[in-house]
1. Being open to solvent by less than 60 Å² (accessible area, probe 1.4 Å) and away from chain B (no Cβ under 14 Å): is that true of A:Leu165 here?
2. Just a yes or no: is a residue in segment A:217-226 within 13 Å of ligand 1 (Cβ to nearest atom), modelled with pLDDT of 90 or more and under 20 Å from A:Arg33 (Cα atoms)?
3. Only residues that are out of contact with any strand residue (DSSP E or B) (no Cβ under 7 Å at 6 or more places or on another chain) and over 13 Å from A:Glu163 (Cα atoms): list them for segment A:192-203, please.
4. Quick check on A:Gln194: is it over 24 Å from A:Lys7 (Cα atoms), surrounded by fewer than 20 Cβ atoms within 10 Å (Cβ to Cβ) and within 16 Å of ligand 1 (Cβ to nearest atom)?
5. Could you tell me which of the residues B:Gly359, B:Gly324 is touching a residue at least 12 places away in the same chain (Cβ under 8 Å), over 13 Å from the mean Cα position of the chain (by Cα), assigned to a strand (DSSP E or B) and farther than 28 Å from B:Leu256 by Cβ?
6. How many of the residues making up segment A:197-216 are open to solvent by 10 Å² or more (accessible area, probe 1.4 Å), within 16 Å of ligand 1 (Cβ to nearest atom) and within 19 Å of A:Leu139 (Cβ to Cβ)?
7. When A:Lys234 is evaluated against the numbered criteria (1) within 16 Å of ligand 1 (Cβ to nearest atom); (2) more than 14 Å from chain B (Cβ to nearest Cβ); (3) touching a Phe, Trp or Tyr at 6+ places or on another chain (Cβ under 9 Å), which criterion, by number, is the only one it fails?
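The values are calculated or read from the model by the stated rules, or taken from the named source; none is laboratory data. As the structure is a prediction and not an experimental result, all values here were calculated from the model. Backbone-built Cβ (ideal geometry, glycine too); neighbour counts: all protein chains shown. Protein only, heavy atoms only, side chains kept; ligands, DNA and RNA dropped before computing areas. Shrake-Rupley method; radii C 1.70, N 1.55, O 1.52, S 1.80 Å.
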Amino acid sequence: MIIQDSKVLLEVRGLRASVNGTEVLKGVDFTVRYGEVHAIMGPNGSGKSTFSKVLAGHKAYEITGGSVLFDGKDLFALEPEERARAGVFLAFQYPIEIPGVGNGQFLRLAYNTLQTRRGHEELDPLEFDDFVREKMKLLEMNPDFLDRSVNEGFSGGEKKRNEILQMAILEPRLAILDETDSGLDIDALRIVAQGVNHLTNKNNATIMVTHYQRLLNYIVPDFVHVMEAGRIIKSGGKELAQELESRGYDWIQPDLDVNSQPKATARIVA
Amino acid sequence: MSAVLQNIINQPYKHGFVTDIESDVMAKGLDENTIRMISSKKNEPAWLLDFRLKCYAAWLKMEEPTWANVHHPKIDYQAISYYAAPKKKAKLKSMDEVDPELLRTFEKLGVPLHERMALAGVAVDVIFDSVSVTTTYKARLAEAGVIFCSMSEAVHEHPELVQKYLGTVVPTGDNFYAALNSAVFTDGSFCYIPKGVKCPMDLSTYFRINTEESGQFERTLIIAEEGASVTYLEGCTAPAFSSNQLHAAVVELVALDNAEIKYSTVQNWYAGDENGIGGIYNFVTKRGLCKGVNSRISWTQVETGAAITWKYPSVVLLGDNSVGEFYSVAVTNNYQQADTGTKMIHIGKNTRSTIVSKGISAGHSNNSYRGLVKISPTAEGARNYSQCDSMLIGEHSGAHTFPYMQVRNKSAKVEHEASTSKIGEDQMFYFAQRGIDAEAAVSMIINGFCKDVFQQLPLEFAVEATNLLSYKLEGSVG
Ligand SMILES: Nc1ncnc2c1ncn2[C@@H]1O[C@H](COP(=O)(O)OP(=O)(O)OP(=O)(O)O)[C@@H](O)[C@H]1O
Ligand SMILES: [Mg+2]
């Protein structure tokens, strides 16, 4: 939801990043205010996942320019785990398997670490079990997933659902969902989308990376952006996604000249 | 993240201090005279001196084994002192007479010698350099008929038992290091559980090397008579010296009909510094003989220390229906080398063995599993299951698996599974993204990886092992 005079949660300016010597992000400008839902679309390899991982602090990516403020503070001054504790959450496009580490145990440690940081009481294993089972009901997940190793042998869709379960438990301020819809069947998409809608409110914000309009029917974005070759080249309202769905990316007239320096801001108020 | 992991790995060794205590250290060097001197210092009977001299003669004809995947400069056996002992006036009558400096050492190490302070239900024997310092709970054990004392004491008080069993599981000419040990061993623990007795408490030995140029050659012998059972725990540490100390122990276990011996080790010898300077050479022969029907011997080891580990706790399954088990976690970091595993020798009918080995290598270390499963023609219906998993941390460590199988009976079933995994940057990032720091992440992954072995350990050992591992590997991932 767009809230009048809402505070800025995330402010990205001229962000450039490289991996293995290749520049992938070439000047990203992006602003998110409390309460908003943004969708980022764009061709394969355009840098959407890179952008997500850079925000979360993945060490493989080198920041070569620009700045990111999270709630007014320099995001890059924080270690990845500190960003997470400050409320940055990334639902991975490809959640990794961690054999030998119980999913329930993992979720509890993540939750309790955050609770401690927020000055709240930790939950003991029994209390946590009750708590997590409630959240799993919301996502129609079988509690057996608590006893399995983190993501190990989970189907593609189960992994995605497990990511949103973590979002539900950690209640982040900024949730970045990287292609959470891909791999979900039709029912699962609806359930997961309902789960996400249930979690969004005026005290947080969501960035969804997706290729399909389908997801946006369930989680209606306030803004839609197109990323191409490491930049946001066009921004608009939810109707932009529909247009992309029917016409593809080729017709786009960039809001900015891809060959010049990016403009100071590319935020468009719908 | 690399830096974080580096820090974790490079935490200083906690047990590296030296105790300033007056010691009786024998001059370096080894010949027949050295052996006679050790024997006379210990006031030994003639049969034992004979045993030593025979072993020495055998050793002289043997070569250091070179098949293990470990590398070290040639050891100069003349540059080692074969006997070092804290000086004491006469035989100690009670704990109060133990040198207070020594007591403080063990308290620092977390091994309480005072009986009232000892872990509830654990009897402790403590070996400091070459000699046994004290054995706690002796009276309570005696009530049950259990003998638990130092090897030196056993030689004098129970010579018939020692003579009957010493060298029967690991014979004189078995291997180079065992033969050396048999010639020069100084002390160790002796346990005897009489027929039908379930040992009323866990028995434990704590080994400590304190003198820089001494070797430690201890000898342990455990006998469980028909229907007897015992759980035995062994822990080890040493000060941090820049030179290498040799530790060549021999442990022999004998289980008669329906007897059960469970032997657990948490080995934390000094491993050398981050450049591979110093550390203990741990060349140990451990073997159990399931002599009787339905007997069971189980080895559980957590090997975290030592510059070089060369160790294959084995079981000879002679009695029909006997069971051998080997559960192992071996962690190497920096320039440590470990070549460890087991031998399961099936001779009796329907004998069963289980091998679970978990190797973790970080830094520039090398970790090898080497195991032999041998099914003799007589071992009708024998079964073995082996599982060897390796985990690599960082880019420069190595893991190797050398499983050998000799199956000479068609009815036998032998299964082997192996896997290699890596703590990857993306796994660490996943933890971090959920707010979990590197240390907690590594400890969670490692504990998950080692679960099958840790659950075999007695509770207090399992906790110690978990801490030890996290502490060893802190900073090594990422
Ligand atoms: N670790 C890496 N090493 C080498 N190249 C990388 C790495 N990570 C990303 N890239 C490259 O950066 C570019 C952007 O990748 P990214 O994953 O961000 O794309 P994306 O927009 O998320 O694509 P998709 O829609 O297919 O998920 C790609 O060309 C990719 O190959
Ligand atoms: Mg992507």
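1. No.
2. So in segment A:217-226, the residues within 13 Å of ligand 1 (Cβ to nearest atom) come out as A:225-226.
Keeping just the survivors that are modelled with pLDDT of 90 or more gives A:225-226.
Retained after the next criterion (residues that are under 20 Å from A:Arg33 (Cα atoms)): A:225-226.
Scanning segment A:217-226 turns up at least one residue that is within 13 Å of ligand 1 (Cβ to nearest atom), modelled with pLDDT of 90 or more and under 20 Å from A:Arg33 (Cα atoms).
3. Those that are out of contact with any strand residue (DSSP E or B) (no Cβ under 7 Å at 6 or more places or on another chain) and over 13 Å from A:Glu163 (Cα atoms): A:Gln194, A:Asn197, A:His198, A:Leu199, A:Asn201, A:Lys202, A:Asn203.
4. Working: over 24 Å from A:Lys7 (Cα atoms): yes; surrounded by fewer than 20 Cβ atoms within 10 Å (Cβ to Cβ): yes; within 16 Å of ligand 1 (Cβ to nearest atom): no.
No: the conditions fail for A:Gln194.
5. On the way: B:Gly324 fails: farther than 28 Å from B:Leu256 by Cβ.
Of the residues listed, the single one that is touching a residue at least 12 places away in the same chain (Cβ under 8 Å), over 13 Å from the mean Cα position of the chain (by Cα), assigned to a strand (DSSP E or B) and farther than 28 Å from B:Leu256 by Cβ is B:Gly359.
6. Qualifying residue count, segment A:197-216: 2.
7. Every condition holds for A:Lys234 apart from (3).
Per-residue answers, yes or no, for (1) over 16 Å from B:Lys262 (Cβ atoms); (2) open to solvent by 10 Å² or more (accessible area, probe 1.4 Å):
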residue	(1), (2)
B:Lys291	yes, yes
B:Asn294	no, yes
B:Ala306	yes, no
B:Thr309	yes, no
B:Asp320	yes, yes
B:Glu325	no, yes
B:Ser328	no, no
B:Asn333	yes, no
